[in-house]
1. Check region 189-200 and report whether any residue there is over 20 Å from Gly67 (Cβ atoms) and among the hydroxyl-bearing types (Ser, Thr, Tyr).
2. Let me confirm something: among Ile206, Ile215, Ile244, which residue is among the aliphatic types (A, V, I, L, M) and over 30 Å from Ala81 (Cβ atoms)?
3. Being of a type in the set (D, E, K, R) and under 23 Å from the mean Cα position of the chain (by Cα) is the filter here, so list the residues in region 188-208 that pass it.
4. Sort through Pro45, Pro55 and tell me the only one that's buried (at least 18 other Cβ atoms within 10 Å of the Cβ) and under 25 Å from Gly160 (Cα atoms).
5. Please give the number of the condition Ala131 fails out of (1) over 25 Å from Ala48 (Cβ atoms); (2) part of a loop (DSSP other than H, G, I, E, B); (3) in contact with a helix residue (DSSP H, G or I) (Cβ under 9 Å, 6 or more places away or on another chain).
6. Out of the residues in region 105-162 meeting the condition of being out of contact with any Ser or Thr (no Cβ under 7 Å at 6 or more places or on another chain) and polar (S, T, N, Q), tell me which one is nearest to Asp192 (Cα to Cα).
7. Sort out which residues of region 199-224 are in contact (Cβ under 8 Å) with a residue 40 or more places away in the chain and out of contact with any strand residue (DSSP E or B) (no Cβ under 7 Å at 6 or more places or on another chain), and write them in order of number.
8. I'm trying to understand the selection: among the residues of region 148-174, which are assigned to a helix (DSSP H, G or I) and either in contact with a helix residue (DSSP H, G or I) (Cβ under 8 Å, 6 or more places away or on another chain) or more than 16 Å from Ile263 (Cα to Cα) (or both)?
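Read-outs: derived from the displayed coordinates by stated rules, not from any lab. Fair warning: this is a prediction, and the values are worked out from it, not measured in the lab. Methodologically, a virtual Cβ is constructed for each residue, glycine included, from the backbone with ideal geometry; neighbour enumeration extends over all protein chains shown.
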Amino acid sequence: MNIKQFLSTTLLFCLPLTLQAARIDTIQVRSDVMNKTVEVIYILPDKAVGNAAQPCPTIYLLHGFGGRANMWLQVKPQLPAIADAEGIIFVCPDGNNSWYWDSPKNPAFRYETFVGTELPVYTDATYATLARREARAITGLSMGGHGALWLAFRHPDVFGAAGSTSGGVDIRPFPGAWGMSRLLGEYADNRDVWDSHTVINQVDRISDGQLALIIDCGVKDFFLEVNKALHQRLLDSGINHDFIVRPGGHSNEYWNNSIDYQILFFRKYFAGYR
């Protein structure tokens, strides 16, 4: 082996050691309000770890019904590479089919308080975040799309930007589905509770410019009509937002594509406050 071949071989073996690699932490985060721990997956860019860690913005990613904390890594395996490339921390909590409510029927489900209050406090205390609302976004798919807008509309002091992809943004057309009645009571007997726990009826809580909003849904999605209705409600209220309808249905393939546009939207939002 000549010296040129030796140097080339040495460089080949050393190269992976010099590349950035996002770190994935799976943590049990304590919830005092629920008196238990909740699994949360953190996807941390290389720049946010170690002794020279630099503060980064955060995007909270909420999973859909039947999913767990790892659902977004399954939907979008490229998230670690995106975290490194964009310098963004992704926070993926387990929502336990809660629809991210503080259930008025079951005190064991206080996920609005956990994700909207306890988790951001823990995250900012534990990791190198930019600990302000302008550097904090939240989005999710399906049930998580409902949860992201529910939390952002009710906690605009915590989140500066929010999104929903294929979100169940009005629950009332689906009274027998996805375990909602065990959290809210049967629809027929608790219509006022259902009215007050659906995203579309939270629009009056926010004003134009208070949140940067992006909402999308596929043309073959069973949630398309409720997303169109939310879009119209926001227009009627004079609240600026991005609304996108694109090909696809309620599927991992759709979300793998749609989340790229939402991350771009949030990255541009963060850049405006750096």
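1. Among the residues of region 189-200, at least one is over 20 Å from Gly67 (Cβ atoms) and among the hydroxyl-bearing types (Ser, Thr, Tyr), which makes the answer yes.
2. After ruling out the rest, the residue left standing is Ile206.
3. Asp204, Arg205, Asp208
4. Going through Pro45, Pro55 in turn, the sole match is Pro45.
5. (1)
6. Ranking the candidates gives Asn106 first.
7. Result: Val199, Gln202, Val203, Arg205, Ile206, Gln210, Asp221.
8. Leu149, Trp150, Leu151, Ala152, Phe153, Arg154 - these are the residues of region 148-174 that are assigned to a helix (DSSP H, G or I) and either in contact with a helix residue (DSSP H, G or I) (Cβ under 8 Å, 6 or more places away or on another chain) or more than 16 Å from Ile263 (Cα to Cα) (or both).
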